[in-house]
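Working notes for the structure below.
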Amino acid sequence: MSDIDLELIRFLHNNRGDFISGEEISNRLGVSRTTIWKHIKKLREKGYIIDSITNKGYLLSKVPDKIIPEEIMISLNTKEIGREILVYDSLSSTNDKAKELARNGCRSGTVIIAEEQTAGKGRLGRKWYSPAGSGLCLSIILLRPKILPIKSPF
């Protein structure tokens, strides 16, 4: 999703329960009302329920019942971690995917999330299997940590 989508989601959340006019949203985000309409349409395609009434505006009624990176991002107050979030239904290992992405030049702070992990690895090389619905598996890529590993809280 684009920065406009992220700001639009944040704006709709901040005004949850109230209709907001397309004009007010476009003024706040610095884009045309047509652009707002196109992005509202895109959000609806992703599963957002956004009501609209002529001369009243838009109302966020329901967010999708799935992991949406932007739903996480709007709550983050970080400079690096979570600026990019990749979500997969199933991965063999979030850690293996993180290593692949890091080798291919992804940005530091990228978060990889999987709803199911089929061949994960725990500490000391132990197998880690996480079926869908059992929780959330994630890895965070830190390409150049500013702390020594010995000082890490984990």
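The values are calculated or read from the model by the stated rules, or taken from the named source; none is laboratory data. Being a predicted model, the structure only gives us computed values, none of them experimental. Ideal geometry is used to build each Cβ from the backbone, glycine not excepted, and the neighbour counts take in all protein chains shown. Protein only, heavy atoms only, side chains kept; ligands, DNA and RNA dropped before computing areas. Shrake-Rupley method; radii C 1.70, N 1.55, O 1.52, S 1.80 Å.
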Restricted to pairs 8 or more residues apart or on different chains, the lysines in the chain with C-alpha atoms under 21 Å apart form a number of pairs equal to 19
Residue span Glu45 to Leu142: 0.36 nm per residue of separation minus Cα-Cα distance leaves a gain in nm of 31.7 nm
Under 5 Å from the placed amide H of Cys137, counting only residues 5+ away or on other chains, we find Ala114
Reduced to Cα centres, the span from segment 63-77 to segment 2-53 in Å works out to 15
Longest principal axis of the chain (C-alpha) makes with the long axis of helix 94-103 (C-alpha) an angle, in degrees to the nearest 10, of 90
Ignoring ligands and nucleic acids, Val31 exposes an accessible area, probe 1.4 Å, in Å² to the nearest 10, of 40
Rounded to the nearest 10, the angle in degrees between the Cα long axis of helix 3-14 and the longest principal axis of the Cα atoms of the chain comes to 70
About its Cα centre, the chain carries a charge dipole, from +1 on Lys and Arg Cβ atoms and -1 on Asp and Glu Cβ atoms, whose size in debye to the nearest 20 is 620
Put Tyr58, Tyr88, Tyr48 in order of accessible area, largest first, probe 1.4 Å, and you get Tyr88, Tyr58, Tyr48
